[in-house]
Amino acid sequence: MAMTLGEYLEGWRSGAVPPPPIVARLGIRLREAGGGSAVVEMAVGRELWNAMGTVHGGVFADLADVAMGVALATVAGEGESFTTAHLEVHYFAAVREGELEARATVLRRGAATGFAECELRDAEGRLVAKASSTCLFVEAAAP
C-alpha cells in the first residue's frame, strides 16, 4: 500500500523515511508542515558559492521550491500529486554562509492548480528572497 503525501511528510520530518534525493543532497531539513504551510531550512557555505563568492541563486530557488512543494503537498487530496508549472524567485540580498529558512504558504488551491508563496530569510532574519509557484495537480503515479 502506497503512502499518502501527508504520511510521507510526517515520515520525512521524523526521520523514519528518507527525504527525496535532491533534498538529501542539499541538506534541506523539514521543520514544519501542515494546513497549507511549511518551514524548511538548510545550512549554506562555500560549497554552494557561485563565481562571485555568494550562495548560487539556484540554491535559493531549490529551497523555496521544496518549501512550496511541501506546503502544497499538505493540501493535496488522496491519490493526488502535483508538478511545478511556474516558479519565480526575486533576490534581495546575497548570502555567503549560515542558515537559510524558507516559509511557504498556499494562497489558493483550485480544482487543478495551486498557488504558493515563500519567504527566504538568513540567520539574522533578513528577507533575502521571495518566491512564488503555480503547480498543476495530477493523478499520483502508481507506486
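Key figures
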quantity	calculated
Number of the exception - Glu78 against (1) surrounded by fewer than 16 Cβ atoms within 10 Å (Cβ to Cβ); (2) at pLDDT below 95; (3) touching a strand residue (DSSP E or B) at 6+ places or on another chain (Cβ under 9 Å); (4) not β-branched (Val, Ile, Thr)	(3)
Looking only at the range 20-61, and only at residues there that are within 13 Å of the chain's Cα centre (by Cα) and part of a loop (DSSP other than H, G, I, E, B), the one that is modelled with the lowest pLDDT	Pro20
Residues (surrounded by fewer than 19 Cβ atoms within 10 Å (Cβ to Cβ) and not basic (Lys, Arg)) located in the range 104-116	Thr105, Leu107, Gly110, Ala111, Ala112, Thr113, Phe115
From Ala93, Ala71, residue being at pLDDT 95 or above and under 16 Å from Val40 (Cα atoms)	Ala71
The listed residue being of a type in the set (Ser, Thr, Tyr) and touching a Cys at 6+ places or on another chain (Cβ under 7 Å), out of Thr74, Thr113	Thr113
Residue within the range 46-64 that is closer than 23 Å to Glu139 by Cβ and of a type outside the set (D, E, K, R) present	no
Index of the failed condition, Gly57 passing every other in (1) closer than 18 Å to Ser133 by Cα; (2) of a type in the set (Gly, Ala, Ser); (3) surrounded by 14 or more Cβ atoms within 10 Å (Cβ to Cβ)	(3)
Single residue of Glu101, Glu97, Glu119, Glu88 found to be among the acidic types (Asp, Glu) and loosely packed, with under 14 Cβ neighbours inside 10 Å	Glu88
Residue check for Leu127: free of Cβ contacts under 8 Å to residues at least 24 places away in the same chain and not acidic (Asp, Glu)	no
Selected residue (criterion: nearest to Gly79 (Cα to Cα)) from residues of the range 99-110 that are over 13 Å from the mean Cα position of the chain (by Cα) and in contact (Cβ under 8 Å) with a residue 24 or more places away in the chain	Arg109
Of the criteria (1) of a type in the set (A, V, I, L, M, F, W, C); (2) surrounded by 15 or more Cβ atoms within 10 Å (Cβ to Cβ); (3) part of a loop (DSSP other than H, G, I, E, B); (4) in contact with a Phe, Trp or Tyr (Cβ under 8 Å, 6 or more places away or on another chain), which one Val17 fails	(2)
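Yes or no, residue by residue, for (1) touching a residue at least 24 places away in the same chain (Cβ under 8 Å); (2) in contact with a Ser or Thr (Cβ under 9 Å, 6 or more places away or on another chain); (3) farther than 15 Å from Thr134 by Cβ; (4) of a type outside the set (Val, Ile, Thr):
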position: Gly11; (1), (2), (3), (4): no, no, yes, yes
position: Arg46; (1), (2), (3), (4): yes, no, yes, yes
position: Ala64; (1), (2), (3), (4): yes, yes, no, yes
position: Phe115; (1), (2), (3), (4): no, yes, no, yes
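The values are calculated or read from the model by the stated rules, or taken from the named source; none is laboratory data. Every value quoted in this text rests on a predicted model; they were computed, and no experiment measured them. Positions of Cβ are generated from backbone atoms using ideal geometry, with glycine treated the same way; all protein chains shown enter the neighbour counts.
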